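Q: Got a structure here, written out as structure tokens. Questions coming.
Nothing in this text is a laboratory measurement; each read-out follows from the coordinates by a stated rule. Everything numeric here is computed off the predicted structure, so don't read it as measured data. Cβ coordinates were reconstructed from backbone atoms using ideal geometry, including for glycine residues, and neighbour counts include every protein chain displayed.
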Amino acid sequence: MTMCFLTIDLQTGQACALNAGHTWPILARRERDRVVCEKIPGGGSLLGSGKHSFGVHEFKLGEGDTLLLYTDGLTENESLKGEVINFRRLRSILGVHRPLQVQMNELESAL
């Protein structure tokens with residue numbers, strides 16, 4: 001079993017992610033005239049494995065940042081067109097600064 005536990009201070013944007021074997025969240029930040037996407041590092045043991053080593057990462061969310069939390073069901077299956085949705089594809093969808101609904105529509109059409 002996997003899990004990603006996330007806390008965000010809405011006043012300061014300070015965030016902390018604890019990852020127990022789950023897919024890494026992707027943070028899309030606007031930097032000047034482009035959007036930079038990065039995986040929030042983590043990793044850690046699976047829940048129930050008897051090991052208690054979880055990856056913890058602190059970061060700050062800025063105004064206009066997008067944080068994508070997703071399950072492996074998105075990245076381990078092929079689309080109807082036979083394409084795999086990998087980090088590169090997710091980054092290309094998130095990597096253009098557009099309204100969230102437009103990004104979700106593009107992600108859904110990629111499936």
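Q: What 222 nm value per residue comes from the helices of the chain, counting each DSSP H run with n ≥ 4 as -39,500 (n - 2.57) and dividing by all residues, nearest 500 deg cm²/dmol? It would help to have the intermediate numbers written out before the result.
A: Details: 3 runs with 23 residues, N = 111.
Calculated at 222 nm, the ellipticity per residue is -5500 deg cm²/dmol.
Q: State to the nearest 20 debye the size of the charge dipole of the chain about its Cα centre, where the only charges are +1 on K and R beta carbons and -1 on D and E beta carbons. Numbers along the way, then the final one.
A: Numbers: 12 positive and 13 negative charges, 48 e Å.
So the dipole magnitude of the chain works out to roughly 240 debye.
Q: Among rounded, prolate and oblate, which fits the chain when a ≥ b ≥ c are the square roots of the eigenvalues of its C-alpha gyration tensor, a/c under 1.5 means rounded, and a/b larger than b/c means prolate?
A: Numbers: a/c = 2.44, a/b = 1.15, b/c = 2.12.
Oblate, since a/c reaches 1.5 and b/c is not below a/b.
Q: Let me ask something additional. Using Cβ counts within 10 Å as a stand-in for footprinting exposure, how do H52, H57 rank, fewest first? The partial results should precede the final answer.
A: Details: H52 9, H57 17.
Final ranking by Cβ density, sparse to dense: H52, H57.
Q: Here's something else I'd like to know. Only Cα pairs within less than 10 Å get springs; with that Gaussian network setup on the chain, which residue of K81, K60, K39 has the largest fluctuation?
A: Sorting by GNM fluctuation, first place goes to K81.
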